[in-house]
2 protein chains.
Amino acid sequence: MAEEGELLPQPAAEEIELVRVLHALADPARLWLFRLYAQDGELGCSPEAVRLGHLHKSTVSHHFKVLREAGLTSTRAVGRERRVRLRREELDRRFPGLVDALLTATDGGRPPLP
Amino acid sequence: MAEEGELLPQPAAEEIELVRVLHALADPARLWLFRLYAQDGELGCSPEAVRLGHLHKSTVSHHFKVLREAGLTSTRAVGRERRVRLRREELDRRFPGLVDALLTATDGGRPPLP
């Protein structure tokens, strides 16, 4: 099904590299975003929408770029809006059990601090 | 059972942090070492013993330090020798399914470079 808007550049599923995924998640704010998108599906990406209002907008943008370029998330540009979602099915196919284990590991974890 | 030698400093099991574990593994050589110790149990840690003879000894030592300080490995000093092993049981208790998922994800992966 065609989706609205334009997809920002991202690696193809088979090009997602584990080392880059681990690097992308080796940061409390990005681990928080990973968890948030896993739970909530597609969201906007303003600092407020992702409950990172204490961080600068450019810092949050950088985190989204790292997640997208590692292959963890997809970002669609719809007009001036950005809609982000976790590439859950592709990640599950490429790295079976990894997303679930990471979500379990962060369950009840501390809130996101920069 | 008391083991030979002296344990180098390492975090207690309950202090192992996911972000540090992910950071430690977000490097091809350290991901290789993680895999090697998961398969082979206790090994020495010379570059040759861990099949990283193409890297400088100090680089390999640094990798071991990062892994140990993140809580992934234990190092015992027995005389001048260092014996390293993965803290598999503690990791499995702390982050259920994570070690298995990472091993699956690296299965058939590329050899360790650099």
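Taking label points 7 Å from Cα along the Cα-to-Cβ direction, A:Arg93 and B:His56 give a separation of 4.3 nm.
Near A:His62: Cβ cut-off under 13 Å, other residues only, Lys/Arg at +1 and Asp/Glu at -1. The net charge is +2.
Just need the relative contact order of the range A:14-94 here, percent rounded to a whole number, with Cα pairs under 8 Å and 6+ apart.
Averaging sequence separation for qualifying contacts and normalising by length gives 34 percent for the range A:14-94.
Centre-to-centre, using Cα atoms only, the range B:36-87 and the range A:48-73 are separated by 35 Å.
A run of chain B free of exposed loop cleavage sites, with trypsin sites (Lys or Arg not before Pro) counted only in DSSP states other than H, G, I, E and B and at most 16 other beta carbons within 10 Å, reaches its longest extent at B:1-50. Based only on Cα atoms, what mean projected area does the convex hull of the range A:14-105 have, in nm²? It is 5.7 nm².
Here's the list of aspartates and glutamates a cross-link from A:Lys57 could span, going by alpha-carbon distance under 20 Å and ignoring same-chain residues fewer than 8 apart: A:Asp27, A:Glu42, A:Glu48, A:Glu69, A:Glu81.
State, to one decimal in nm and shortest first, how far the label point of B:Glu6 sits from each corresponding label point in the other identical copies (label point: 7 angstrom along Cα-to-Cβ). Label point to label point, same position, other copies: 6.3 nm.
Dipole size of the protein assembly as shown about its Cα centre, with +1 on Lys/Arg Cβ and -1 on Asp/Glu Cβ: approximately 580 debye, rounded to the nearest 20. Copy-to-copy label distances for A:Leu103, where each label lies 7 Å from Cα along Cα-to-Cβ, are 2.4 nm in order of increasing length. For the chain pair A and B, the interface hides roughly 1400 square angstrom of accessible area in total, found with a 1.4 Å probe. The mean number of Cβ atoms from other chains found within 10 Å of a Cβ in peptide B:19-32 is 4, as a whole number.
Across chain B, the longest piece that holds none of the GluC sites (Glu not before Pro) lying in DSSP loops with up to 16 other C-beta atoms within 10 Å covers B:49-114. Each principal axis of the Cα cloud of the protein assembly as shown was evaluated for its coordinate range; sorted largest first, these ranges are 66, 33, 28 Å. Solvent-accessible area assigned to carbon and sulfur over the protein assembly as shown amounts to 50 percent, based on a 1.4 Å probe.
Dividing the summed -39500 (n - 2.57) terms of all DSSP H runs of n ≥ 4 by the residue count of chain B sets its mean residue ellipticity at 222 nm at -13000 deg cm²/dmol.
The values are calculated or read from the model by the stated rules, or taken from the named source; none is laboratory data. Worth saying up front: this structure is predicted, and the values here are computed from it rather than measured. All Cβ positions, even for glycine, are placed from backbone atoms using ideal geometry, and neighbour counts span all protein chains on display. The accessibility values were calculated without ligands, DNA or RNA, using every heavy atom of the protein model including side chains. Shrake-Rupley method; radii C 1.70, N 1.55, O 1.52, S 1.80 Å.
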